[in-house]
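The values are calculated or read from the model by the stated rules, or taken from the named source; none is laboratory data. Being a predicted model, the structure only gives us computed values, none of them experimental. Heads up, the Cβs are rebuilt from the backbone with ideal geometry, glycines too, and the neighbour counts pull from every protein chain shown. In case anyone asks, the SASA skips ligands and DNA or RNA and just uses the protein heavy atoms, side chains included. Shrake-Rupley method; radii C 1.70, N 1.55, O 1.52, S 1.80 Å.
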Amino acid sequence: MSGLTAIKACKEENLDVVCYEKSGEFGGLWRYHENSDDRFPSIMKSTMSNTSKEMSAFSDFPPPSEFPTYLHHSTVLKYLEMYAENFDLLGSITYYQEVVEIIPSEDYGTTGKWLVKVRNTRSDESREEIFDGLMVCNGHLGYHYTPTYPNLDLYTGKSLHSSRYKTNLGMEEQRVLIIGAGNSGVDIAAELANVSKKVYLSSRRGVWIYPRLFDKSKPMDVSLHRRYNVTVLPSSYMEKKLEKSLNKKMDHKKFGIKPYHPVTSQTPTVNDEIQYKLLTGAVTAKKDVKEFSQNGVLFDGEEEITPIDVVIFATGFYIKFPFLTDDILRVGKNNKVLLYKNMFPPQLKHHTLAVIGLVQPNGSVFPVAELQSRCFVAVMTNKCRLPSTEKMLASVRATEGFRARNYVQSPRHSIDTPWIPYMDDIAEMFGVKPNLAAMAVKDPKLFRICFFGPCLPYQYRLTGPHKWEGARDAILNYKNRLYEHLKNGREK
């Protein structure tokens, strides 16, 4: 997905652009494969989007009204295909090309150019290319992480990482343990509860569960992600209000999954079924695994071994850039990556390299990656100037301080970011942040939706470079597209 937004941003500025894709198809995680490995990861067969279609849209390409509010992965891929075809992006993709190494060119000191070594995965032939600028769009869900546990080597049952899980076939009548209560872990637990003999969901810290359908039948993100909520209302008030809303749907303490950390301190885990599976006993919530045995596990606080046939590690991923050396981009302990605005390595002499999509917002990553791509192109075309290295390093320290104060300190949350503030921050850098003060005077109808309504991505095409004339109409009429697919005549 990030590769498409990178191509689009370059084409808007008439830059020559090439996108190297290791596989033979575009779409990344959203292109389902029956089998996944670290080279070509993909989602499970039943995956649905966790963010609604309007909040996940690209800023100048509203999804069709006939698309459902939340999209099956095949429909997400269809949207990406429509986007790529509409803006003529596919011709810039070169397939079966693996980037092996990126190093500064011989004249980097004066030009900022990069030498890219590429290998054709079918012919095994290698070549080198020189580029003025690079956007790294390889994502952060490609290298699965499996933690170590005492006596794990003694366990004789089946085990796999959640990234390898595709369907519940073969899991019938099995006693399954899922370790990790993020989105993948909870989705798998709810799905396996339909066929497995017993499902255990183990979590070190507990988890807050967000429903897709929120207050007054609004999608969760449409209800929560509003400028008024994040700029006017105190964060402590919003935190308590959100916790109350989630507990109204499911009493987290009563269901045995309530975390000690605040509700906003972790990436949202979105699921609509797990409470029913817990209520019926098909899924049982457990604490962390203390140790393994030959045929099962011992959970924290328990004295007896629980027999387990299959263990699924929904334990996250390593962030890796195997084609970059540490002096260009270093991934530290617990997946820490120190980037200015989550994009630019601040120590580089020339800021002609950026990472796109290496961020985990509490909203959709699609409009975030698009803004990042547009920002980088603005830097490359001298329409956006970055501050000094010292100021960038100070900003990085401030960002990491914010994360330390506001998020759970673990590898899973090392790139967590608040959605609206981050998008506004990037947008302001190159002049596309909406001017709400002027809007309130000149277009109060639009202002009311932009400020009190959901923060729709089209807001970032209202002004500035490459603004879109259809942005205002897309904002004013979002509800028609959001709910059109539900109409069957009975609503009249």
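Give the dimensionless ratio obtained when the Cα radius of gyration of the stretch 334-412 is divided by 2.2 N^0.38 Å.
1.13
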Inset, instruction - Please pull out the direction-averaged projected area of the stretch 349-492, using the convex hull of its alpha-carbon atoms, in nm² to one decimal place. - result: 11.9
Inset, instruction - Check cross-link reach from K78 to the aspartates and glutamates: straight Cα distance under 17 Å, and skip same-chain residues fewer than eight apart. - result: E25, E54, D60, E66, D88
Legend entry - Normalised per residue, the volume of the convex hull around the Cα set of the stretch 278-420 (Å³): 178
Inset, instruction - Leaving ligands, DNA and RNA out of it, report the carbon-plus-sulfur percent of the accessible area of the stretch 1-128 at a 1.4 Å probe. - result: 47
Legend entry - Cα gyration tensor of the stretch 390-439 - equivalent ellipsoid semi-axes, whole Å, descending: 25, 14, 8
Legend entry - DSSP beta bridge pairing in the chain, given as percent antiparallel to the nearest 5: 50
Legend entry - Under the Debye formula (equal points on every Cα, no solvent term), log10 I(q)/I(0) of the stretch 141-292 at q = 0.08, 0.09 Å⁻¹: -0.26, -0.33
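Protein chains only, probe 1.4 Å: how do R204, R448, R31 rank by accessible area, largest first?
So the residues, ranked largest to smallest area, are R204, R448, R31.
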Inset, instruction - Highest first, please rank the peptides 75-84, 370-379 by the mean number of other Cβ atoms sitting within 10 Å of their residues. - result: 370-379, 75-84
Legend entry - Computed FRET value (nearest 0.05) for M82 with T381, which takes r as the C-beta separation and R₀ as 41 Å: 0.90
Inset, instruction - Find the percent of Cα-Cα distances in the stretch 293-357 that exceed 14 Å, and round it to a whole number. - result: 70
Legend entry - Pairs of Lys in the stretch 251-324 closer than 24 Å at Cα, counting only those 8 or more apart or on different chains: 14
Inset, instruction - Quick one: which residues, 5 or more positions from K286 or on another chain, have an amide H under 5 Å from its amide H? H modelled 1.01 Å from N in the peptide plane, none for Pro or chain starts. - result: L201, S202, S203
Legend entry - Estimated [θ] at 222 nm from DSSP helical runs (n ≥ 4, -39500 (n - 2.57)) normalised by residues in the chain, nearest 500: -8500 deg cm²/dmol
Legend entry - Förster radius 25 Å - calculated FRET efficiency between D327 and R405 (Cβ-Cβ, nearest 0.05): 0.25
Inset, instruction - Enumerate the amide H contacts of E291 below 5 Å, restricted to partners 5 or more residues apart or on another chain; note that Pro and chain-start residues carry no placed amide H. - result: L298
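Enter the accessible area per residue of the chain (Å², integer; probe 1.4 Å; all protein chains in place).
For the chain, the per-residue accessible area is 47 Å².
Take the Cα atoms of the stretch 60-101, build their convex hull, and give its volume per residue in Å³.
It comes to 121 Å³ per residue, whole-number rounded.
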Legend entry - Whole-Hz ³J(HN,Hα) from phi, Karplus 6.51 cos²θ - 1.76 cosθ + 1.60, for the stretch 93-103, glycine and proline x: 9, 10, 8, 6, 10, 9, 6, 8, 7, 10, 9
Inset, instruction - Could you estimate the translational diffusion coefficient of the stretch 123-231 from the Stokes-Einstein equation, with Rh from the Kirkwood formula over C-alpha pairs, at 4 °C and 1.567 mPa s, in whole µm²/s? - result: 71
Legend entry - Kirkwood hydrodynamic radius (C-alpha pairs) into Stokes-Einstein, the chain, 10 °C and 1.306 mPa s, D in µm²/s: 66
Inset, instruction - Return the long-range amide H neighbours of C19 (sequence gap of 5 or more, or a different chain), with a cut-off of under 5 Å between placed amide H atoms. - result: I93, T94
Legend entry - Dimensions in Å of the stretch 2-42 - Rg and Dmax from alpha carbons: 12.6, 38
Inset, instruction - Please turn the phi angles of the stretch 421-431 into ³J(HN,Hα) values with the Karplus equation 6.51 cos²θ - 1.76 cosθ + 1.60 (θ = phi - 60°), one per residue in order, whole Hz, x for glycine and proline. - result: x, 5, 4, 4, 4, 5, 4, 5, 4, 10, x
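If each residue of separation counts as 0.36 nm, what is the full-extension length gain between K218 and E106 once their alpha-carbon separation is subtracted?
Length difference between fully extended and current span is 34.8 nm.
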Legend entry - Zero-based 10 Å bins, Cα pair distances in the stretch 1-159, whole percents: 9, 30, 32, 19, 9, 2
Legend entry - the stretch 91-232: Lys pairs at Cα distance under 22 angstrom, eight or more positions apart or on different chains: 5
Legend entry - Mean projected area (nm²) of the alpha-carbon convex hull when the stretch 191-280 is viewed from all directions: 6.5
Inset, instruction - For the stretch 337-351, take each phi angle, set θ = phi - 60°, evaluate the Karplus expression 6.51 cos²θ - 1.76 cosθ + 1.60, and give the result in whole Hz per residue in order, putting x for glycine and proline. - result: 10, 8, 10, 6, 6, 6, 9, 9, x, x, 7, 5, 5, 10, 9
Inset, instruction - Starting from the exponent 0.38 and prefactor 2.2 Å, build the expected Rg for the stretch 270-324 from its residue count and divide its actual Cα Rg by it. - result: 1.57
Legend entry - Peptide ranges 59-66, 242-249 listed from the most packed, as the mean C-beta count within 10 angstrom indicates: 59-66, 242-249
Legend entry - For the chain, with +1 on Lys and Arg beta carbons and -1 on Asp and Glu, the positive-most of C450, Y83, A440 along the dipole: A440
